[in-house]
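Here is the structure we will look at.
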Amino acid sequence: MQTSLRLVASCLIAGMVLSACGGGNSGGGILPAGSPTQSTGSPSSQTPTSSVPKTAGTLAYTDMGAAPQTTPVSVTLTLNYNHQAQLDQLVAQQADPTSPMYHHYLTTDEFNSYYAPTAQQEQSVVFALQRAGFTITKEYSNRTIVEASAPAAKVESFFNTQIHMVNQGKFGARYVNVKPAVVPAAIAPLVHAVTTSNIVVAHTGAHVQSALSLSSLIASTTLPSVPHVPASHASRKIALSPQMKARGAMLAKYATPFATGNVIGNPGFETGAFSPWFPCGNGYATIDSSNPHSGQYDAFTGNLANNLGEEYGLDGVCQQVTVPTNGQLSFYVDEGTSETSTYWADQEADLFDANGNYLTNLYTENGNTNGYVHRSYNIGAYAGQQVIIFVGIYGSGSFSDYNYVYLDDASLTNGSSPTPSPSPTPAPTASPTPVPTASPTPVPTASPTPVPTASPTPVPTASPTPVPTATPTATPAPTPTPVAGGSCTGNADNGPLSGSNGWLATGVAKAFDYPVQHGCNGAGVTVAVEIDTPINTSDVAGYLSAAGVTQTGTITNEAVNGGGNASSSDYTETALDVETISGLAPGANIIVYNFPDLSSQSIEAGYNQTVSDGTASVVNSSFGGCETSDTAFTNTTNTIAEQAAAKGMTFVASSGDSGSDECGTGNNPPGVSSPATDPYFTAVGAVNFTDTSTGALASITSGSDSSNGFLSGGGVSTIFALPSYQQGVANMVSTGRNDPDVSLPGVGVMVYANGSPMQVDGTSWSSPEFVALMAEANQLHGTPLGFINPTLYSIFTKTGYTDFTDVTTGNNGAYNAGTGYDLVTGIGAPKGWALANAL
């Protein structure tokens, strides 16, 4: 009786009167289209979401058949929240100005103690996976996601699915489930969604206009029927990033040729990351844990399995060092290939000078070593010089071959005496014979085991997996009402409006009347950028110098699951995101959550880490892919974003750069971009604009650039129903979530990337612009504004275009811009200062 009274009282404290105030679980707060009602009953009626990912366009893949049974496969299970109906209502009330819960957000501990899966529920899933032969690779403090891995055979058995190997173009060999995964009944009530694929499901949208800088963005890929330069005839040069050039300068200043210890940093990759090594050539090398020579990690380059296609061109890992006197270089490699002639492809080790120019070859072969072999070379001839050590492959691009090398335990010391020229002395070491498998997935770094908290009654089912129960002893109380009104005393952006390579920060800030022009520069607010490469702050400094903006906030790289590849062609996107925010909101702190790639599992991990940390109040996603490519991913990202909303975080995503044809069907039917269509995300489209000589807005149309293949994305979701905040708004299509919500400039921005200016198009620019606006609005109000979509539409329906600019000209293929809301530009373009005050 006392327990029941406490629970009723808890519901009243939370400001909710519900027909069911218990621990009912369900998949998500805003239901997919076709779902009849929001369930508040038994979770046993809920079916975990799984899908067969099928990408198109530049993300399309070729099915190469069943994966070898020993192929390591990573899986991600997203768990159901507790008290889902209450959570849905709480998030709605937090965004409702008429509710006493308005802007009362939960702390991380409060969310975890009441809404997150309990420690017992999480462990039930963990134990079930472990009993089935899975290795748990990561758990999070919010207990929302469980990451695990197992050989393909065990994954297929546990989830009643089939895993195939695929070739995904420049992304190489990947694996995908070709039938929906089925969660075992023992844990199905606890699981919201499961992902058993590592294909890349999203792409960035930075369309580079500058031909001069394209060479730094294009990576060689596996392509059929293309005449390639054979390995034996190819010229070799390593492109150096600004980070490596800076490291080279430090080496030149401080290194000594008389060093006696190992001058190679991170020699066995035991940090779980590359630095000071770096992926070079094509840039697809990865940190691996499946086949170390010693310790836990190694570096891997290439493709492992037959008939998966090998890369074209040079790829591997590099480190720049100063060679000591009598320098003795040694390392261990494990190699395999189906190639029989080094004329077309090989494994090799080379030396390059500090500028990336080829010096000499250490070895070249078509090796099948069946385990690690030791290689040793005297490179004392280069004593005192900076050189770049390269170990990797040169691939032919053949679809019917494979070529790979593992590297571990490298050493460069002051040897006893030099030899006239480098010469290999391989000696096999005792190590198990590796079985060719799919490209390895980097193993995430360990995270602390969550501490069990007082939690609501879990939902047991009749199954071998016991789900312990516990009675809730406390309900989270919302945080105290923050003091309205922040302190805005910063300097206005007052640099040039634009430069020879496009628009600069002041041009946008003035034309769209950003709060920074009124002293609100985002000071005290932290935002997050989700992307697959870290940022080099020297590029940001170059941009800010050109823009005439002084940044006072901080920039931090936060690696997730091993972190992203700094040499990736997606780096321009990272630069665009960070430079846009730092230019428009120079007082804001920026955390770049970078992860290995834009696969569903990597993106989910990035989002969940960000929400679990709870540091950022606004989160940017300048990427997307066809909404229906992977519905498990679409549902999972929306679920994580709802948790973020309860904690006062705003999730923002670009609406896509393929107009209404994101799914590549020729608009038959039209398709939209995910995660922008997730109802708990704010979707941002693009506009073109002109200004007056004083920087005021002169004209505006929907975003497009026919010379660059850019068309701002928009349309209607086929996954999510029309959310309540869009109901009753004129021009809405009633069949699903309408996209975008708002639009900002997306054509012709200047970006500094890899030390060079360039001009870029894309909703990848408009999304971080809106993030900067929200950072300033948060500062203005002295509180996070959280899930703002209901507020945006409420303001629009009440005041029309007092706080927005209507965009009535242009189209995105299937839809036309027009008066009022449209599927090209949404409500329209925010009037920055007016909207910030109205929020």
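The values are calculated or read from the model by the stated rules, or taken from the named source; none is laboratory data. Note that the structure is predicted; figures quoted are calculated from it, not measured. Here the Cβ is made from the backbone with ideal geometry for all residues, glycine too, and neighbour counts use every protein chain on show. The protein model used for the area step is the full one, side chains on, heavy atoms only, and it has no ligands, DNA or RNA in it. Shrake-Rupley method; radii C 1.70, N 1.55, O 1.52, S 1.80 Å.
Can you tell me which residue within region 110-137, out of those that are among the charged types (D, E, K, R) and open to solvent by 10 Å² or more (accessible area, probe 1.4 Å), is nearest to GLN86 (Cα to Cα)? Ranking the qualifying residues of region 110-137, first place goes to GLU110. Would you mind stating whether THR580 is more than 17 Å from the chain's Cα centre (by Cα), surrounded by fewer than 24 Cβ atoms within 10 Å (Cβ to Cβ) and closer than 29 Å to ILE603 by Cβ? In short, no.
When SER704 is tested against (1) of a type in the set (Ser, Thr, Tyr); (2) in contact with an Asp or Glu (Cβ under 7 Å, 6 or more places away or on another chain); (3) at pLDDT below 95, exactly one condition is not met: (2). For GLN601, the conditions (1) among the polar types (S, T, N, Q); (2) under 11 Å from the mean Cα position of the chain (by Cα); (3) not in a helix (DSSP H, G or I) are fulfilled apart from (3). Only residues that are among the small types (Gly, Ala, Ser) and closer than 20 Å to VAL592 by Cα were counted in region 506-547, giving 7. Hey, does region 796-803 have a residue that's among the acidic types (Asp, Glu) and open to solvent by less than 10 Å² (accessible area, probe 1.4 Å)? No, because not a single residue in region 796-803 is among the acidic types (Asp, Glu) and open to solvent by less than 10 Å² (accessible area, probe 1.4 Å).
Considering every residue within region 736-756, establish whether at least one is among the charged types (D, E, K, R), at pLDDT below 95 and farther than 19 Å from VAL516 by Cα. If you could, list the steps in order and put the result at the bottom.
Within region 736-756, the first condition is being among the charged types (D, E, K, R), and the residues that meet it are 737, 739, 741.
From the residues that got through so far, the ones that are at pLDDT below 95 too are none.
Checked against the condition, which is being among the charged types (D, E, K, R), at pLDDT below 95 and farther than 19 Å from VAL516 by Cα, region 736-756 yields no hits at all.
If the condition is being touching a strand residue (DSSP E or B) at 6+ places or on another chain (Cβ under 7 Å) and buried (at least 23 other Cβ atoms within 10 Å of the Cβ), then region 544-560 contributes only VAL560.
Can you spot a residue in region 756-777 that is touching a Lys or Arg at 6+ places or on another chain (Cβ under 8 Å), open to solvent by 10 Å² or more (accessible area, probe 1.4 Å) and not in a helix (DSSP H, G or I)? Don't jump to the end; show me each part of the working.
Looking only at region 756-777, we keep the residues that are touching a Lys or Arg at 6+ places or on another chain (Cβ under 8 Å), and these are none.
No, region 756-777 has no match at all.
Here LEU744 passes the criteria (1) out of contact with any His (no Cβ under 9 Å at 6 or more places or on another chain); (2) more than 25 Å from ALA834 (Cα to Cα); (3) in a strand (DSSP E or B) except the one numbered (2). When CYS663 is tested against (1) under 23 Å from ALA772 (Cα atoms); (2) open to solvent by 10 Å² or more (accessible area, probe 1.4 Å); (3) not small (Gly, Ala, Ser), exactly one condition is not met: (1). Identification of strands (runs of 3 or more DSSP E) wholly contained in region 298-369 with 3 or more residues that are more than 17 Å from ALA410 (Cβ to Cβ), in contact (Cβ under 8 Å) with a residue 60 or more places away in the chain and of a type outside the set (S, T, N, Q) yields 312-322. Once region 782-795 is narrowed to residues that are touching a helix residue (DSSP H, G or I) at 6+ places or on another chain (Cβ under 8 Å) and open to solvent by 30 Å² or more (accessible area, probe 1.4 Å), the residue that is nearest to ALA676 (Cα to Cα) is PRO790. If you go through region 495-531 and keep only what is open to solvent by less than 10 Å² (accessible area, probe 1.4 Å), closer than 16 Å to ILE590 by Cα and either of a type in the set (Gly, Ala, Ser) or modelled with pLDDT under 95 (or both), you end up with GLY522, ALA528. Of everything in region 726-746 that is touching a helix residue (DSSP H, G or I) at 6+ places or on another chain (Cβ under 8 Å) and open to solvent by 20 Å² or more (accessible area, probe 1.4 Å), the residue that is farthest from GLY826 (Cα to Cα) is GLY728.
Only a single criterion out of (1) under 30 Å from THR55 (Cα atoms); (2) surrounded by 24 or more Cβ atoms within 10 Å (Cβ to Cβ) is not satisfied by PHE158, namely (2). The set of residues from region 691-721 being farther than 21 Å from SER658 by Cβ and either out of contact with any helix residue (DSSP H, G or I) (no Cβ under 7 Å at 6 or more places or on another chain) or of a type in the set (A, V, I, L, M, F, W, C) (or both) comprises THR692, SER693, THR694, ALA696, LEU697, ALA698, SER699, ILE700, ALA721.
In region 550-568 there is no residue that is hydrophobic (A, V, I, L, M, F, W, C), touching a residue at least 40 places away in the same chain (Cβ under 8 Å), under 28 Å from LEU839 (Cβ atoms) and outside any loop (DSSP other than H, G, I, E, B).
Looking at SER26, SER10, which is the one that is assigned to a loop (DSSP other than H, G, I, E, B), small (Gly, Ala, Ser) and either at pLDDT below 90 or open to solvent by less than 10 Å² (accessible area, probe 1.4 Å) (or both)? Lay out the reasoning, then the answer.
Numbers: SER10 fails: assigned to a loop (DSSP other than H, G, I, E, B).
Residue meeting the stated conditions: SER26.
Within region 677-684, not a single residue is on the phi > 0 side of the Ramachandran plot and either of a type in the set (A, V, I, L, M) or not in a strand (DSSP E or B) (or both). Among the residues of this structure, ASP63 does not count as one that is out of contact with any Phe, Trp or Tyr (no Cβ under 9 Å at 6 or more places or on another chain), under 29 Å from TYR793 (Cα atoms) and either at pLDDT below 90 or of a type in the set (Asp, Glu) (or both).
Taking region 635-664 as the range and being closer than 25 Å to HIS104 by Cα, out of contact with any Ser or Thr (no Cβ under 7 Å at 6 or more places or on another chain) and among the small types (Gly, Ala, Ser) as the test, the residues that pass are ALA641, ALA644, ALA645, ALA646.
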